[in-house]
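Here the structure is laid out as structure tokens; the discussion comes afterwards.
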Amino acid sequence: MAHEVDPDSCGRTPEAIRAALQRRRDWLRAFEQEWLSAAADFDRPALDAVIDKWFPFACACATPGYLDAVEHTVRRMAEDDTEGLVFRDADGHGYDADGRPVDAGGYR
């Protein structure tokens, strides 16, 4: 299971981003709408900004297992199943769902 997004999992081109976003059609529609809007104005800085914005989303989609793991965790939390989940504060300290400190290794 992937715990981090692989920044090399997707190319930084409109075509590569579009292909990766097939995994999330709602993200794909938003990307295409923003891309077409910037392209209609022939606005290169706006096109670059669209790529910059959507590239991390595309990498998340293209990293094997990453979105599956995130979606699984979200489902578990929505069902109030937090057994074994570790929540971290800004300093990287780990806690269980009830706020009790846990030793879960270093901050990633």
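Are any residues in the stretch 60-108 touching a residue at least 60 places away in the same chain (Cβ under 8 Å) and either assigned to a loop (DSSP other than H, G, I, E, B) or more than 22 Å from the chain's Cα centre (by Cα) (or both), and if so, which ones? The answer is T63, P64, G65, R108.
Just checking, does the stretch 48-70 include any residue being more than 22 Å from P7 (Cβ to Cβ) and either of a type in the set (D, E) or surrounded by 13 or more Cβ atoms within 10 Å (Cβ to Cβ) (or both)? No; the residues of the stretch 48-70 include none that is more than 22 Å from P7 (Cβ to Cβ) and either of a type in the set (D, E) or surrounded by 13 or more Cβ atoms within 10 Å (Cβ to Cβ) (or both).
For E34, the conditions (1) free of Cβ contacts under 8 Å to residues at least 24 places away in the same chain; (2) part of a loop (DSSP other than H, G, I, E, B) are fulfilled apart from (2).
In the stretch 1-22, what residues are assigned to a helix (DSSP H, G or I), surrounded by fewer than 16 Cβ atoms within 10 Å (Cβ to Cβ) and under 16 Å from the mean Cα position of the chain (by Cα)? Those that are assigned to a helix (DSSP H, G or I), surrounded by fewer than 16 Cβ atoms within 10 Å (Cβ to Cβ) and under 16 Å from the mean Cα position of the chain (by Cα): R18, Q22. Scanning the stretch 26-57 for residues that are at pLDDT 95 or above and not hydrophobic (A, V, I, L, M, F, W, C) gives D26, R29, E32, Q33, E34, S37, R44, P45, D48, D52, K53, P56.
The values are calculated or read from the model by the stated rules, or taken from the named source; none is laboratory data. Since this is a predicted model, take the numbers as computed values, not measurements. Note that each Cβ is placed from the backbone with ideal geometry, even for glycine, and that neighbours are counted across all protein chains shown.
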